[in-house]
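What follows is a set of notes on a single structure, which appears directly below.
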Amino acid sequence: MWTVYKLVITESQNDVSKDVDKEGQWNEGFDASTENVPKKDIELVGVAEKSEENILNRPKWDNQLEFLMSCISTSVGLGNVWRFPFVTYQNGGGAFLIPYILVLLLIGKAMYYLETVLGQFSSSNCVKVWALSPAMKGTGYTQALGAGYVLSYYVSIIALCLYYLAMSFQSPLPWAICKSEWDNCVPSGESANMSSMQGDPVSSAELYFTRTVLRQSNGIDDGIGVPLWDLTLCLLASWIIIFFIVARGVKSSGKAAYFLALFPYVVLFILLIRAVTLPGAGNGILFLITPEWGKILEIRVWYAAVTQVFFSLSVCSGALIMFSSYNDFKQNVYRDSMIVTTLDTFTSLISGITIFGVLGNLAYELNYDDVSMVIGSGGTSLAFISYPDAIAKSPAVPQLFAVLFFLMMAVLGVGSGVALLSTINTVLLDAFPRIPTVYMSAMGCTVGFLIGLVYVTPGGQYILELVDYYGGTFMRLFAAIVETIGVIWIYGLENLCLDIEFMLGLKTSFYWRICWGIITPFMMIAVFYYALVNTEALMFGGTYQYPREAYIAGSALQYTGMALIPIFIIHALWKYRSNNFVETVKRAFSKKPTYGPRMPKLREEWKQFRRDAKYERELQRKNWFHHIALSLFGGYRSRNP
């Protein structure tokens, strides 16, 4: 039972009435005791009965394995099969693996663990979790907007997978043969005589993708064209599938997560075996694992590693905070985070070996000495050219391999798409709790489908790369930096570690403290600064320069999301304004009384735990610098829980 008071202050020009809890805290951060408010101005206005059922009306996973499977299906997705090989290919093959692994250890795992802890501890979405520092609330909206940007084009890739899946039942496979109007075409399903060709040979898989499937235009200077009817139907089917999975929230998505997480691995290992047995595959794999040491010193390679880790693990998209908010309070989220991040890396490497085995075979078939000469354009081409090319060379039942592969791709895409849409859904449902989940899901899918029509036009791939570049990378990195500052430097590293100790019974080691406190934020700031001062104009396929209007639109997408953070800081300073600026800042950035465990009993235990820890901490600390040193190196850990 909570007692609710009304605080009435009559000395100002306008009467102010605010609810205050039994500890004397304004629900907006006002502390009556520090303002010398006379007791006669605090009147009891009622008693609010708040049972655990009313407080904990948030849905829960039916079992904690559903959370693990959902995280796997979210993080292990198209980012591993489509984006990782492409980014590796762009950044010197094996040279990229070293910064990628280091970034994963120092940034990826740290951010993943941090976000799952925040969501589980507060049972809040990526916006409401910022009750820990209200002025930083814009970070949550930036993450949700970033999720929307990625989701808008992500489902169009699922649509391409469904299109190829439908075409995979044909014999022969349509991308395995050359059409008469295709010059210098090399059939993917067989070897060809290169000596008779006038120009550079091109595989039929590549020509099929660009000319038959995408009907890709030579640019968007004259517009993007109208949506293609067959791809539009595939896009509609993709959104319908996602709708049925998210229609009942975690009650339905949790059940689907088992299939979405496990099925792709069966197919991936089959394709791996097929890829490494192709002629010339060894050259491609050697290209992957042989580092070009000079590349490691290039900051752009580290920037690519950071953005790939963010994209692959889905950190700073709001999805991890959202999923973990449905956990039981004592769920071992540390163990789950380590499992998912390790599995994600393993999957990326397996996908890389598979795709580079195919690239090696493609170079062998085209008589190229260098694997890097195989594919000139990037984007989705590696997934929809190289893999289909390898499948076409299968000596036995290539249709079976094609069906399995594109079904796997669609499943991977749906898993991540469900997480991204659920992130946006959760933010909206928490803001408008009276709207049924099924209606909110239907509205989200409808809007997503209408926006997605842009990507199924002849110029759609140009727009996809534009949105991915401006909306899916730089903005999320900025949000990650602000998130780290808000949690570690404003809410407090030691406070976070105390929350983890209370929730999981684990004392945070030096590794996590030094990563969260110094290494992770400073690495991200350095990479962000590099990207800010060395931004190069986006070139599609490395050759096509977008019209000026496209760059302006891309920048607008990016800076709109980034601007939300300072806008909400200014709003919070205005909301918590007082005659004392220092006090205003303190109110705006200090945690609200509503932050913490949602269960009343746990909440009271946590408050007592924090009070005891604060008392013991005051006995040990000498000054502010001493406190920072103790927080980073775990000097407070000698205290008994």
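So the values come out like this:
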read-out: Helices (runs of 4 or more DSSP H) within the stretch 45-122 that include 3 or more residues more than 15 Å from the chain's Cα centre (by Cα), within 27 Å of Ala479 (Cα to Cα) and modelled with pLDDT of 85 or more; value: 64-75, 94-103, 109-122
read-out: Options Glu494, Glu465; residue that is open to solvent by 10 Å² or more (accessible area, probe 1.4 Å), closer than 26 Å to Leu214 by Cβ and touching a residue at least 24 places away in the same chain (Cβ under 8 Å); value: Glu465
read-out: Scope the stretch 279-302; condition open to solvent by 70 Å² or more (accessible area, probe 1.4 Å) and either over 30 Å from the mean Cα position of the chain (by Cα) or over 26 Å from Leu538 (Cα atoms) (or both); matching residues; value: Asn283, Leu286, Ile289, Thr290
read-out: Residue count for the stretch 422-445, restricted to those that are part of a helix (DSSP H, G or I) and either free of Cβ contacts under 8 Å to residues at least 60 places away in the same chain or of a type outside the set (Val, Ile, Thr) (or both); value: 13
read-out: Search result, residues across the stretch 226-276 that are among the basic types (Lys, Arg) and touching a Ser or Thr at 6+ places or on another chain (Cβ under 8 Å); value: Arg248, Arg274
read-out: Exclusive hit being in a helix (DSSP H, G or I), farther than 27 Å from Lys137 by Cβ and open to solvent by 30 Å² or more (accessible area, probe 1.4 Å), set Leu557, Leu619; value: Leu619
read-out: Considering residues of the stretch 404-445 that are crowded, with 24+ Cβ neighbours inside 10 Å and more than 20 Å from the chain's Cα centre (by Cα) only, the residue modelled with the lowest pLDDT; value: Phe405
read-out: Qualifying positions in the stretch 288-310 - at pLDDT below 80, of a type outside the set (Val, Ile, Thr) and in a helix (DSSP H, G or I); value: Leu288, Trp293, Gly294, Lys295, Leu297
read-out: Out of Gly360, Gly378, sole residue that is touching a helix residue (DSSP H, G or I) at 6+ places or on another chain (Cβ under 6 Å), modelled with pLDDT under 90 and in a loop (DSSP other than H, G, I, E, B); value: Gly378
read-out: Single match in Arg610, Arg603, Arg577, Arg587 (criterion: charged (D, E, K, R) and touching a helix residue (DSSP H, G or I) at 6+ places or on another chain (Cβ under 6 Å)); value: Arg577
read-out: Neighbours by Cβ (under 8 Å, 6+ apart or cross-chain): first from the stretch 602-617, without any contact (Cβ under 8 Å) to a residue 60 or more places away in the chain; second surrounded by fewer than 16 Cβ atoms within 10 Å (Cβ to Cβ); value: Glu616/Arg639
read-out: Count of residues meeting criterion [over 16 Å from Thr484 (Cα atoms) and buried (at least 24 other Cβ atoms within 10 Å of the Cβ)] in the stretch 100-143; value: 5
read-out: Among (1) over 26 Å from Gln64 (Cα atoms); (2) in contact (Cβ under 8 Å) with a residue 60 or more places away in the chain; (3) open to solvent by 10 Å² or more (accessible area, probe 1.4 Å) - the single one Leu235 does not satisfy; value: (3)
read-out: Residue within the stretch 314-337 that is at pLDDT below 85, buried (at least 22 other Cβ atoms within 10 Å of the Cβ) and in a helix (DSSP H, G or I) present; value: no
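Each row is one residue, and each column tells you yes or no for (1) in contact with a Ser or Thr (Cβ under 6 Å, 6 or more places away or on another chain); (2) within 30 Å of Asp222 (Cβ to Cβ).
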{"residue": "Leu420", "(1), (2)": "no, no"}
{"residue": "Pro436", "(1), (2)": "no, no"}
{"residue": "Gly460", "(1), (2)": "no, yes"}
{"residue": "Gly472", "(1), (2)": "no, yes"}
{"residue": "Arg476", "(1), (2)": "no, no"}
{"residue": "Ala479", "(1), (2)": "yes, no"}
{"residue": "Thr508", "(1), (2)": "no, no"}
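The values are calculated or read from the model by the stated rules, or taken from the named source; none is laboratory data. Everything numeric in this text was worked out from a predicted model, so none of it was measured. With ideal geometry, Cβ positions are generated from the backbone for all residues, glycine too; neighbour counts draw on all protein chains shown. Protein only, heavy atoms only, side chains kept; ligands, DNA and RNA dropped before computing areas. Shrake-Rupley method; radii C 1.70, N 1.55, O 1.52, S 1.80 Å.
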